[in-house]
């Protein structure tokens with residue numbers, strides 16, 4: 001489950017948060033792995049093979065109506081994940097203007113695995129996924145143009161990985 005706050009800092013779900021979780025569970029069943037509320041923010045972990053279904057459901061269901069993908073980012077959990085958990089977490093920050101509701105959908109991915117692109121649902125995910133690819137090396141299956149966006153051409157490695165070298169004499173930064 002990655003980095004989590006201490007148990008005493010976790011909050012019980014509000015009735016509205018519980019409704020959101022129940023909607024996802026009714027649609028995805030076992031595809032909903034767990035949920036947490038921390039600082040009044042709901043996070044729902046979704047199985048990687050069901051994340052695209054969950055994102056479509058969040059956008060197309062009137063009771064959720066998440067027309068805005070506010071952000072998409074990745075987290076390297078290296079050294080902080082539980083045994084058997086994936087190294088990376090992809091976080092989708094969703095917002096509904098109509099319901100004034102924000103929540104996070106999260107899914108795990110390991111090196112060599114892919115995550116389906118969200119750009120088929122929100123075209124703006126294109127650049128956010130390219131940034132995650134560039135910084136962490138996570139591949140998005142079906143992405144229309146998965147290329148580096150922040151590092152220079154020829155850059156080696158992914159700078160936001162926790163095992164990326166930090167000393168300037170260690171940088172494998174540009175291939176010759």
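The values are calculated or read from the model by the stated rules, or taken from the named source; none is laboratory data. Just so it is clear, the structure is predicted and the values come from calculations on it, not from any experiment. When we count neighbours, we look across all protein chains shown, and the Cβ atoms used for this are built from the backbone with ideal geometry, even at glycine.
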Might you check whether a residue that is more than 19 Å from residue 162 (Cα to Cα), modelled with pLDDT of 95 or more, in contact with a strand residue (DSSP E or B) (Cβ under 6 Å, 6 or more places away or on another chain) and in a helix (DSSP H, G or I) occurs anywhere in the stretch 109-126?
yes
Please work out if residue 64 is surrounded by 20 or more Cβ atoms within 10 Å (Cβ to Cβ), modelled with pLDDT of 95 or more and under 15 Å from the mean Cα position of the chain (by Cα).
no
For residue 54, all conditions in the list (1) part of a helix (DSSP H, G or I); (2) on the phi > 0 side of the Ramachandran plot hold save one; what is the number of the exception?
(2)
Flag if residue 107 is crowded, with 16+ Cβ neighbours inside 10 Å, within 24 Å of residue 31 (Cα to Cα) and within 13 Å of the chain's Cα centre (by Cα):
yes
Where residue 98 falls short, out of the listed (1) surrounded by fewer than 14 Cβ atoms within 10 Å (Cβ to Cβ); (2) without any contact (Cβ under 8 Å) to a residue 24 or more places away in the chain; (3) in a loop (DSSP other than H, G, I, E, B):
(2)
